[in-house]
Every structure is written in structure tokens, then in C-alpha cells.
Amino acid sequence: MRLASIASGSSGNAVYVGTEHTHILVDIGISNRRIEQGLNDLGLAADELNALVVTHEHLDHVKGLPVFMRRHLVPLYATAGTLEMLRNHGMLEGVEKDLIHEIRAESRFSVGDLSLLPFAIDHDAAEPVAYRIMSQKKAVAVATDMGHFTEEIVSHLLQLDAVLLESNHDVRMLEAGPYPYQLKRRILGDLGHLSNENAGRLLKRILHDGMKQVFLGHLSKENNFPALAYETVRCELGGTAKDLPIAVAARDRLSPVCEF
Ligand SMILES: [Zn+2]
Ligand SMILES: [Zn+2]
């Protein structure tokens, strides 16, 4: 399996997950030019994608979707709530019905030799999900845009080989920063985003010997920076997992490619 972030952050997200035979994108919140560039760096063309799976309808996850769906005959997977919002915003106009697949949290589906398990997360969107993606005995997860984590979320992130985990903001930077009060409450609330500290706490719960790579992602531009996210998460982990590779997925370029 391979996992790589093409873009990650509050300004746009796209994650590649694949095997030798199957290639998918999780979210498409950046321009098609950048998607094509990222795929190109991975040795792929957009038409080689077997699926586009979407976590929720926020623009930083779907901005590139309308153009992409007009240009490429790639199946789209999203929950009913997300699809409804995409339709309401005119983002599925002209897309062939056969390409649109409605999925449900806790209901597994297959794309080529990948098996995907969407699971519910708490976020201020219609029906948001994160994904556990498996191939044979290997598993990765893409888990961003979560106000908090529950035991159920933890259970879906156990025994992973690699994970892309939200590490959105530093609580003190956010509190002291320029955002309006309501927006601060939203981000800090249960339907907002996971702080660096909470990313570290969640990571501590799911760490195991088989974890090969952690990507911290969806960093806020205003209320975080890569070294701070990294240090805070390391600090939460304490002395454990000193050798575990933790990388911060960049906002605007391909991350290292994790292959196992
Ligand atoms: Zn969101
Ligand atoms: Zn987001």
C-alpha cells in the first residue's frame, strides 16, 4: 500500500491511497492543476484513479470536484448527506448518475483491491466521515475535521500501518489570535477541529508496534505551524515511540510517500 498527502491544511486537502492495482483520492479540495501535478509526482494520471471518495462538503475538501468530475469518468463516493449538499451547491451538475455512489458510515465498500470503511466523525457538516482503508492485512486511515475523538473513533484507528491525522491548531494561538469569538468557539467546539494536543492524545491511544508512519495534517494557517504541531504531538507521546516517523503534511506540496 501507499499513502501520500498531495495537499493538506485548512486551505485545501487531497490524499492519495493506493496499491499496485488500485488508486484513490480522499477529498479534492484543491485545483485540478494541482491534483494532476501531485498525481504526476506519484507516477499517475488522473484517468488512472479508480475512485474519488469525499469526507464532507466543506470547500477545502471538494473545491476541485466539479471540474474533475466533468473531465474524468471516475466514480465518486460520499454519504447521502454530503451528496445532498454537493447537489444543492450545483457541484454535481452534468455528472453521470452511474458515477455517483452513496455510502454509509459503518458500511464497508470495495474499490478494486481496497476495502473502505467510512466511520462517523463529529464536525459541523451534513454527514461527515473519516475512512479506514484496507488491503489484505494492511490498513491506513485518513481522519481529519473532527471536533473531538470518541472511543468509537479510537476503535476504527487501531492496528493501522499509517495514518493521516488532523492536528489543526494550537489552542493558545487560536485563543490569542485574530479570529472572531464565534469562529474560535466553533473551531474549539465538539463539531470543530482537533487541536495539536488532542491529536497527540489520540495518537497515543492508537500507537502500536506496527505503525510505520504518521502524517499530521489539516494544519490551520493562522493558528498553527508545522514545528509546533510536531513538538506538541511528540510531547504528548512522552518517551514512547521515539523512533516513529512523524511528518507534517505540507499545505502545498506532496508529502513523503509512505509505502509498505
Ligand atoms: Zn470541514
Ligand atoms: Zn477541512
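Laboratory data are not the source of any read-out in this text; all were calculated from the coordinates shown. This one's a predicted model, so the numbers in the text were calculated from it and none came from an experiment. Here the Cβ is made from the backbone with ideal geometry for all residues, glycine too, and neighbour counts use every protein chain on show.
Taking all pairs of different Cα atoms in the chain, averaging 1/r and flipping that mean, what Kirkwood radius in angstroms comes out?
Values: mean 1/r = 0.0552 Å⁻¹.
So the Kirkwood estimate lands at 18.1 Å.
Taking each pair of distinct Cα atoms in segment 7-49 once, what is the resulting Kirkwood hydrodynamic radius in Å? It would help to have the intermediate numbers written out before the result.
Numbers: mean 1/r = 0.0952 Å⁻¹.
Over segment 7-49, the inverse of the mean reciprocal pair distance is 10.5 Å.
Compute the Cα gyration tensor for segment 214-260, then decide on rounded, prolate or oblate, letting a ≥ b ≥ c be the square roots of its eigenvalues: rounded whenever a/c is under 1.5, prolate when a/b is larger than b/c in the other cases, and oblate in all that remain.
oblate
Leaving out same-chain residues fewer than 8 places away, which aspartates and glutamates sit with a Cα under 12 Å from that of LYS221?
Excluding near neighbours in sequence, the set is ASP170, ASP252.
Using packing as a proxy for protection, rank 103-110, 5-12, 147-154, 226-233 so that the peptide with the highest average count of other Cβ atoms within 10 Å comes first. Before the final figure, lay out each step's value.
Working: 103-110: 13.9, 5-12: 25.4, 147-154: 15.4, 226-233: 17.8.
The most tightly packed comes first, giving 5-12, 226-233, 147-154, 103-110.
Label segment 47-140 by shape, choosing from rounded, prolate and oblate, from the square roots a ≥ b ≥ c of the eigenvalues of the Cα gyration tensor; if a/c is under 1.5 it is rounded, and otherwise prolate applies when a/b is larger than b/c, oblate when it is not. Before the final figure, lay out each step's value.
On the way: a/c = 1.99, a/b = 1.22, b/c = 1.63.
Oblate, since a/c reaches 1.5 and b/c is not below a/b.
Using the Kirkwood formula over every pair of different C-alpha atoms, what hydrodynamic radius in Å results for segment 114-260? Intermediate results must be reported in sequence, preceding the final value.
Values: mean 1/r = 0.0646 Å⁻¹.
Radius from the Kirkwood sum: 15.5 Å.
How big is Rg to Rh over segment 82-133, alpha-carbon atoms, Rh as the Kirkwood inverse-mean-distance radius?
Details: Rg = 12.4 Å, Rh = 12.4 Å.
When Rh is taken as the Kirkwood radius, the ratio is 1.00.
Would you list which aspartates and glutamates come within 18 Å of LYS242, measuring only between C-alpha atoms, while excluding same-chain residues fewer than 8 positions from it?
ASP161, GLU197, ASP209, GLU231
If you build a Gaussian network model of the chain, linking Cα atoms that sit under 10 Å apart, which residue out of TYR16, TYR181, TYR131 swings the most?
Maximum among the listed residues: TYR181.
DSSP beta bridges in segment 96-227, what fraction antiparallel, as a percent rounded to 5?
Numbers: 14 of 24 bridges.
Here the antiparallel bridges make up roughly 60 percent for segment 96-227.
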